[in-house]
Amino acid sequence: MITSGVGARSDVELRLPADGAYAAVLRTLTAGLAARLDFTMDDIEDLRIAVSETTAMVLDQADPGADLLCRFRLSPGELTLECSTTAAAPAHPDYDSFGWQVLTTLTTDASVDVAPGGYAVRITLRTSLDLSDDVTGVGL
């Protein structure tokens with residue numbers, strides 16, 4: 001589902017089986033959406049790595065046969081991704097782990113929400129372009 005209009009934000013939602021075999025689909029979609037927002041190649045590659053870590057964390061918690069629901073919110077210079085799945089016994093991630101350090105280093109913001117009652121685990125990551133880095137007008 002893609003919705004957009006003049007001056008409107010675009011939203012994209014993707015539902016996949018909660019299986020690591022589909023992680024490449026999510027990484028490719030993320031890269032395409034980031035390119036649409038004029039992210040640099042380095043930023044896009046950072047996002048692909050962050051998405052890999054995010055899916056690994058979420059899929060590790062997923063119930064057998066569950067879906068992975070990925071929601072993107074796009075706005076000028078900013079992409080927000082929320083990945084969630086159902087989990088019988090979700091746990092918070094190890095905030096000292098390498099994977100969590102990768103997420104917090106490569107994104108503007110990363111957070112985890114384990115739903116009350118243990119019904120869902122959700123990881124949200126946000127990254128933004130620094131639109132103030134416009135090289136025009138810089139005196140040399």
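Figures for the structure shown
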{"quantity": "Estimated FRET transfer efficiency when R0 is 25 angstrom, pair SER97-ALA21 (beta carbons, to 0.05)", "calculated": "0.60"}
{"quantity": "Projected label distance in nm at ALA89 and THR40, using a 7 Å step from Cα toward the beta-carbon", "calculated": "4.5 nm"}
{"quantity": "ASP113 paired with ASP60, simple spin-label distance in nm, labels 7 Å along Cα-to-beta-carbon", "calculated": "2.1 nm"}
{"quantity": "Additional length obtainable on full extension of the chain from GLU13 to ILE49, 0.36 nm per residue less Cα span", "calculated": "11.0 nm"}
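Just so you know, all these numbers are worked out from the coordinates, no wet-lab data involved. Keep in mind the model is a prediction, meaning the values are calculated, not measured. Glycine also receives a Cβ, built like all others from the backbone with ideal geometry; neighbour counts cover every protein chain displayed.
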